[in-house]
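Please treat every number below as a calculation from the coordinates, not as lab data. Computed from a predicted structure; not experimentally measured. Using ideal geometry, Cβ is built from the backbone for each residue, glycine included, and neighbour counts are taken over all protein chains shown.
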Amino acid sequence: MAGPFPYYGPTSVQGYINEYRVDGEYALIGEDGDHFLKWRDQSMTLLVSGRFNVNNHAHLIKGTKNLTSWFYYYFSHRDLTPHLTRQGAGRYKLTKSSLVGIPCALPPVPEQEAIAEVLSKADALIECLERIIAKKRLLKRGVMQKLLRPKDGWIEKCIVEIADCLDNLRIPLNDSQRAKMKGDYPYCGANGILDYINDYCVDDSVILIAEDGGYFDEYMTRPIAYRMSGKFWVNNHAHILKARADFDQDFLFYSLVHKNILSFLANGTRAKLNKSELNKIMIQLPEKKTEQTVIAALLSAMDAEIALLEAQLAKYRQIKQGLMQNLLTGRIRLV
C-alpha cells in the first residue's frame, strides 16, 4: 500500500500509503502511549493539513471557526496527566470524554487568530533553521567521507601506535555519590556529559570513545566518540585517548567518530569495546601531521558553523516557549 499520503500516529508520521481518509487542516492529539509524561520537551499535538490518514491512537480535532491552530498551540506543551487513565506501567490513555471535558481559557476569536499567527511565524523560523542545519550536516558528512578517504601516500596504523590510552584516570561514581558532589565540572560517560560535580580527574584535551553503552550499531548517524577539553571527570564507560605528538588529535577524532568498529566488540548482553580491542583498531591517515591538521581544521570549521546554528535554534525555541507561556495564559494580550 505504499503511496504519497502520510499515515499519522499520536506523535509523528508512521509511514506513507496510497489512499487517504482525511482532507483539510486538523490537530492531532495522542489517545494513548507514554509520550504524555514528556509534555515539557515534546509536543502533545500535531498540526496537519492536506490529504492524510490517522490511526486509532490519536484524536482528530477540527477547531470551530477554523481555529484548529489555536487548539494545536494551546495543548502542545500542556500537562494532560490529570486527565489520563492509567493502563499499566508507563501507559496512559486520554479518552474522548476526558478530552472534551478539559477546560480551556479562550480569548476572543480575533485574539486567537493573532496569537496563532505569531506562533506560526515562530514555527516557520524554527523549521527554516532546522532545514538549514540538516543540509549543513548532510554537506559535512559528504565532505568528511571525501577528506577521510585514503589517498596515495597515506599510511595505516593501529590506535596503540597513534594514541595513549589514559583509562587509569577514570573513576566511576554512582548516583548517590554524585548527589553529594554537585558542582560545575562535567561528569562524562559513554556518550557525553551526564552530570556536573565539584571535582575533576582529568585536566587535558582528550578523545572519549564509548567502552559500553555506545551507539555502535548507529555509527553512521550517531557519534561513538566525542572530545573534551579542560577539567572534567570520566567514569568507566568511556575510554580516554590522547594522540601522540606526531599525530593530530582532531584528525584521530574525525577518523573515529563515525567509524564502524562492530567487529572489535566483545559479544554479550551488552556490546563492549575492551581496551585490548580498542588498541587494534586501524586508522588510515596522511603520513605528514601537517596534512592531518589541515583536514581536521576544515571539518572543525564546519562543526563550528553547525554549532552556531544549533545555538541560534535553541535560542529561537526558547523565545517561542516564552511567547507561548505569555500569550496562551493571557499575560500578554495582542488585541
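Assorted remarks:
- Sites matching GluC sites (Glu not before Pro) across the range 61-167 that sit in DSSP coil, with at most 12 neighbouring C-beta atoms within 10 Å: none
- The distance separating the Cα centre of the range 96-155 from that of the range 199-217 comes to 30 Å.
- Under 13 Å, Cβ to Cβ, from Lys182 - net charge with Lys/Arg +1 and Asp/Glu -1: -2
- The mean sequence distance of close C-alpha pairs (under 8 Å, at least 6 residues apart), as a share of the length of the chain, puts its relative contact order at 14 percent.
- Cα gyration tensor category, rounded, prolate or oblate, for the range 2-104 with a/c compared to 1.5: oblate
- Fraction of antiparallel bridges per DSSP, the chain only, in percent to nearest 5: 90 percent
- Cα gyration tensor category, rounded, prolate or oblate, for the range 269-335 with a/c compared to 1.5: oblate
- Inter-probe distance in nm under a simple model that places probes 7 Å from Cα toward Cβ, at Cys104 and Tyr196: 3.9 nm
- Of Lys146/Lys242; Lys259/Lys280; Lys140/Lys242; Lys38/Lys135; Lys231/Lys288, those spanning more than 20 Å from alpha-carbon to alpha-carbon: Lys146/Lys242; Lys140/Lys242; Lys38/Lys135; Lys231/Lys288
- Candidates Leu308, Leu84, Leu256, ranked by Gaussian network fluctuation over the chain, Cα under 10 Å, top entry: Leu84
- Trypsin sites (Lys or Arg not before Pro) restricted to DSSP loop in the range 26-83 with at most 14 other C-beta within 10 Å: Arg40, Lys62
- Put in order of Cβ neighbour count within 10 Å, fewest first, the listed residues Tyr226, Tyr215 become Tyr215, Tyr226.
- Other residues with beta-carbon under 14 Å from the beta-carbon of Phe247 carry, at +1 per Lys or Arg and -1 per Asp or Glu, a net charge of -3.
- Computed over the chain, the per-residue total of -39500 (n - 2.57) for DSSP H runs of n ≥ 4 gives a 222 nm mean residue ellipticity of -11000 deg cm²/dmol, rounded to 500.
- Residue by residue, the range 93-109 carries 3J(HN,Hα) couplings of 9, 9, 6, 4, 5, 5, 4, 5, x, 6, x, 10, 8, 10, x, x, 3 Hz when phi is fed to the Karplus relation 6.51 cos²θ - 1.76 cosθ + 1.60 (θ = phi - 60°); x denotes Gly or Pro.
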